[in-house]
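Presented below is the structure to which this report refers.
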Amino acid sequence: MMKNFTGHHSNAILQVLWDYVRLHHESTVTAPVFPVLLAFSGYLAFCIPFTLVDLVGHRLPLVNQYKIRKSRPSVQMMGQCLWQAVFNHLVYVLPAVGINWLWRPPAPLPATAPTSAQFLSGVVSCLLVFDFQYYVWHRLHHGNRWLYKAVHSIHHDYMLPFSWASQYLGGWELLTLGFWSNTTPLLLKCHPLTTWAFMLLSVWMSVEDHIGYNLPCSLHNIVPWGLCGGALAHDLHHQQPNTNFAPFFTHLDRVFGTACTVPANCK
Ligand SMILES: [Zn+2]
Ligand SMILES: [Zn+2]
């Protein structure tokens, strides 16, 4: 077990993983485009199983019982979302990565992994900050007609969400989300492992928001006290757009009076 830069013992499992990454994949993980590839790979990997579920789920009662609404996406709708995500990455995200690389060259990797506490608190803190940032942004873009039409309305083209629609976004919205995903861990001085875990978890939670299934194994059904909104809350946002603005948690919508759990009660 090694002491990290804070003088605490790093987690043994994370240290083994970190040593492997540093020894065998340092040039890959320090490449400026790595965070983008990680997030985009996560998007593909998380959506593919739900593509199968959407295509054949009506024949599988075991899965179909958890479908929130009856309608299903077509292959064409899925392709349109994937194309939009690829287009946004080519036209907006990759040029932004290039500019960021010129402005801020990659930093050397630390020798030690984070402690368990640093890893967990870092991931949760990043999720909470991101949740707040997106809540404010999201509410602003639904409250201002011009901002809604110019930036956010494309995401609401689909009233009934499905996994691929999680990245059916305008270029500026994706750039904003990418900016927060990259700067929030920097501000909180997170270890690269913590940062990558946060990025993958945030992509997973975004996909889960849109899957259209209220699965018993979904985070919002596992995390207690209804702390996570998940697919039920976000499905209602696509139905009743002035509710459930937060992407991951429910506390902000509850505190600011924008939470909705029953369609008939939504404003
Ligand atoms: Zn959505
Ligand atoms: Zn919205």
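The values are calculated or read from the model by the stated rules, or taken from the named source; none is laboratory data. Everything numeric here is computed off the predicted structure, so don't read it as measured data. Glycine also receives a Cβ, built like all others from the backbone with ideal geometry; neighbour counts cover every protein chain displayed. Just the protein is used for accessible areas: all its heavy atoms, side chains included, with ligands, DNA and RNA removed. Shrake-Rupley method; radii C 1.70, N 1.55, O 1.52, S 1.80 Å.
Taking first residues from region 146-162 that are open to solvent by less than 60 Å² (accessible area, probe 1.4 Å) and assigned to a helix (DSSP H, G or I) and partners that are among the acidic types (Asp, Glu) and within 10 Å of ligand 2 (Cβ to nearest atom), the Cβ contacts under 7 Å between residues at least 6 apart in sequence or on separate chains come to 151/173; 152/173; 155/173.
Beta carbons closer than 9 Å, at least 6 apart along the sequence or on distinct chains, pair a first residue in region 209-224 that is closer than 13 Å to residue 247 by Cα and open to solvent by 40 Å² or more (accessible area, probe 1.4 Å) with a second that is among the aliphatic types (A, V, I, L, M) and within 16 Å of ligand 2 (Cβ to nearest atom) for 219/205. Total residues in region 234-251 satisfying the condition of being of a type in the set (A, V, I, L, M) and at pLDDT 95 or above: the figure is 1.
On the given criteria, is residue 256 among the hydrophobic types (A, V, I, L, M, F, W, C) and open to solvent by less than 10 Å² (accessible area, probe 1.4 Å)?
Spelling it out, it is not the case that residue 256 is among the hydrophobic types (A, V, I, L, M, F, W, C) and open to solvent by less than 10 Å² (accessible area, probe 1.4 Å).
Scanning region 182-202 for residues that are part of a helix (DSSP H, G or I), open to solvent by 20 Å² or more (accessible area, probe 1.4 Å) and not polar (S, T, N, Q), which turns out farthest from ligand 2 (Cβ to nearest atom)? Only one residue tops the list, namely 192. Based on this model, can you work out whether residue 165 counts as within 12 Å of ligand 2 (Cβ to nearest atom), aliphatic (A, V, I, L, M), open to solvent by less than 10 Å² (accessible area, probe 1.4 Å) and in contact (Cβ under 8 Å) with a residue 24 or more places away in the chain? So residue 165 fits the description; yes. Touching a Phe, Trp or Tyr at 6+ places or on another chain (Cβ under 9 Å), part of a helix (DSSP H, G or I) and either under 25 Å from residue 49 (Cβ atoms) or in contact (Cβ under 8 Å) with a residue 24 or more places away in the chain (or both): which single residue out of 129, 91, 136 fits that description? Among 129, 91, 136, only 129 is touching a Phe, Trp or Tyr at 6+ places or on another chain (Cβ under 9 Å), part of a helix (DSSP H, G or I) and either under 25 Å from residue 49 (Cβ atoms) or in contact (Cβ under 8 Å) with a residue 24 or more places away in the chain (or both). Residue count for region 204-235 under the criterion of being away from ligand 2 (no atom under 16 Å from the Cβ), more than 15 Å from the chain's Cα centre (by Cα) and of a type in the set (A, V, I, L, M, F, W, C): the result is 6.
For the residues 96, 45, 31, 39, the requirement of being outside any helix (DSSP H, G or I) and hydrophobic (A, V, I, L, M, F, W, C) singles out 31.
Here's the yes/no breakdown for (1) modelled with pLDDT under 95; (2) exposed (fewer than 11 other Cβ atoms within 10 Å of the Cβ):
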position: 56; (1), (2): yes, no
position: 63; (1), (2): yes, no
position: 70; (1), (2): yes, yes
position: 88; (1), (2): no, no
